[in-house]
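Read-outs throughout are calculated quantities, based only on the coordinates presented, and are distinct from any laboratory measurement. Note that the structure is predicted; figures quoted are calculated from it, not measured. A quick note on method: Cβ atoms are made from the backbone with ideal geometry, for glycine too, and the neighbour counts reach across all protein chains shown.
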Amino acid sequence: MSVSTSTKPPRKVVVALDSSASEARHTAEWAINNILDPARDKVDVINAISLDSEFDATELGTSNIYVTDYLMEMQQQIEQKVNEALKQFVELFKSHGIPAESHALKSRTDSRNVIVDYTNSAKADLLILGSRDLTGWKRVFLGSFSDYVQAHVHCPVLIVREIRVSSPTPTST
């Protein structure tokens, strides 16, 4: 897509994807077709897995041991699914000649902080992430993930939105 010259320095690009969300593939493909340069970019595909589960198992009438075992098993299943999905995105980037590797980042804190911390510690030149397109009250109560991230990372942030298809407006007769 873009013409690269040898005078451009290499770039470290972090692509943060929610591998379970519909916009993930769109974000990756858009970045490949419009931003990434195989001659200079190296991509880290990341997904933040928040493992926060605070509740008292005795309220469920069961032992903490059984709940802990169950939660550990669920955590392993989630990690496996995320890693499998991330591998597919890595292969997508590699199929376009873009070096890429994946990182499933586990944390007990907010996913936003995990992405900010990783991006800053990796000294990324660019962060690309998809938009959940929250509107109205959802945005007021849930807050904007992308607004938070772009305010706290130390590099430019590109937010990729899916193209909205609006319904035809009714015509008056």
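Order of 32-44, 146-158 by packing, highest average Cβ count within 10 Å first? Don't jump to the answer; show the numbers that get you there.
On the way: 32-44: 18.0, 146-158: 16.2.
The peptides rank, most packed first, as 32-44, 146-158.
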Under 17 Å from Lys12, Cα to Cα: lysines that are on another chain or at least 8 residues apart
Lys42, Lys94, Lys123
